[in-house]
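Notes follow once the structure below has been shown.
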Amino acid sequence: MSTAVYGLVLSGGTSSRMQRDKAALAYAGRRQLERAMSLLERHVARAFVSVRTDQQADALRGQYPQIADTQSGLGPVAGILAAQAQHPGVAWLVLACDLPRLDDATLAHLLSARDPARTATAYRSSQNGLPEPLCAIYEPRSAALLLAHVAAGKPCPRKFLLGSDVKLLDQPAPGALDNVNTPEEYAAVSAGLQDSGASPARRITVQYYALLREQAGRREEPIETTAGSARELYLQLAHRHSFTLAAETLRVAINNEFCDWSSALRPGDVVVFIPPVAGG
């Protein structure tokens, strides 16, 4: 059995090029840190915000469980090391907080392709093919290796991945990991998300029957999701609850009507996943 996966949103940067706190930037009406944490919480057992010690009293970051850096001057690797030290027996899905195009499907794909026997699982950059260290899963065995890497004066997490046993994946949605660093980039991306009709996660209710009810440990649950279709929603939930049934073996209904797996989801929908009936 593979180890549990916890999540970490890195919010301890100084945002020097942006000249504003990137975690507080709003996209489609929602601050970026809030969006990143909501997204991450849907995919991991527990989620934390990585902060500098002088950020612990910040109201935005104070909404969430925090892990404070124990070393300074190391950049994002300080947050990863602090998280690994605080919870050494788990794998860490690490995210930068400035990924406004990141979506559920990208995280679900990363987790489904995870190889716990490797040091890490990461995406290739869609621009240069190098590992993307700030949307990656770091396995427990990576902790000692990363600590030695930093002790040797090498604080760059990308260079660590380049020299490690890493499973590299192609991004299912190129552009999902593009970050935003300057006011000009923020203005362009923010306008683009508004034009595309991007919106915060929608609130829906999911009901389970038979084996799915047993595996989820509940008959019904309200959730927030950015899944666009019934299939995307099931893939997210299958990872969360370790469902053993493939989508193709189920029927899906939305608001008491059977529908296709490609059917779009809307706020307030009631979605039901129905396993095949045993016997004859």
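Quick look at the values:
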item	result
Close pairs (7 angstrom Cβ cut-off, 6 or more residues apart or separate chains): under 24 Å from GLY228 (Cβ atoms) in region 105-130, at pLDDT below 90 and small (Gly, Ala, Ser) anywhere	ALA105/ALA173; THR106/ALA173; THR106/ALA176; SER126/GLY175
Those residues of region 1-37 which are among the β-branched types (Val, Ile, Thr), modelled with pLDDT of 85 or more and assigned to a loop (DSSP other than H, G, I, E, B), in sequence order	THR3
Pick from region 149-165, criterion free of Cβ contacts under 8 Å to residues at least 12 places away in the same chain and assigned to a loop (DSSP other than H, G, I, E, B), ranking: nearest to ASP21 (Cα to Cα)	LYS154
Condition check for ALA238: under 19 Å from the mean Cα position of the chain (by Cα), closer than 21 Å to THR106 by Cβ and in a loop (DSSP other than H, G, I, E, B)	no
Odd one out for ALA47 among (1) in a strand (DSSP E or B); (2) crowded, with 23+ Cβ neighbours inside 10 Å	(2)
Residues of region 111-124 that turn out to be of a type in the set (A, V, I, L, M, F, W, C) and either touching a His at 6+ places or on another chain (Cβ under 7 Å) or buried (at least 19 other Cβ atoms within 10 Å of the Cβ) (or both), as a count	3
Among (1) more than 28 Å from ARG35 (Cβ to Cβ); (2) part of a strand (DSSP E or B), the one test that PHE273 misses	(1)
Region 210-248, residues that are touching a Lys or Arg at 6+ places or on another chain (Cβ under 8 Å) and either in contact (Cβ under 8 Å) with a residue 60 or more places away in the chain or aromatic (Phe, Trp, Tyr) (or both)	ILE223, GLU224, THR225, THR226, GLN236, ARG240
Boolean, ALA108 is in contact with a His (Cβ under 7 Å, 6 or more places away or on another chain) and crowded, with 20+ Cβ neighbours inside 10 Å	yes
Selected residue [in contact with a Leu (Cβ under 8 Å, 6 or more places away or on another chain) and surrounded by fewer than 15 Cβ atoms within 10 Å (Cβ to Cβ)] from GLN71, GLN127	GLN71
Residue satisfying all of: in region 235-254; surrounded by 16 or more Cβ atoms within 10 Å (Cβ to Cβ) and touching a Pro at 6+ places or on another chain (Cβ under 9 Å); modelled with the highest pLDDT among these	LEU250
Top-ranked residue of region 77-100 - restricted to ones that are of a type outside the set (A, V, I, L, M, F, W, C) and surrounded by 20 or more Cβ atoms within 10 Å (Cβ to Cβ), ranked as farthest from THR53 (Cα to Cα)	PRO100
Within region 161-195, considering residues that are hydrophobic (A, V, I, L, M, F, W, C) and within 20 Å of ALA113 (Cα to Cα), the one modelled with the lowest pLDDT	ALA173
Single residue of SER112, SER125, SER72 found to be touching an Asp or Glu at 6+ places or on another chain (Cβ under 6 Å) and at pLDDT below 95	SER125
Subset tally (residues that are surrounded by 11 or more Cβ atoms within 10 Å (Cβ to Cβ) and under 18 Å from ALA210 (Cα atoms)) for region 255-275	7
Verdict on LEU168 being assigned to a helix (DSSP H, G or I) and aliphatic (A, V, I, L, M)	no
Within region 215-230, considering residues that are closer than 30 Å to ARG101 by Cβ and assigned to a loop (DSSP other than H, G, I, E, B), the one farthest from the chain's Cα centre (by Cα)	GLY228
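The values are calculated or read from the model by the stated rules, or taken from the named source; none is laboratory data. What you see is a predicted model; the values in this text were computed from it and never measured. Cβ: placed from backbone, ideal geometry, glycine included. Neighbour counts: every protein chain shown.
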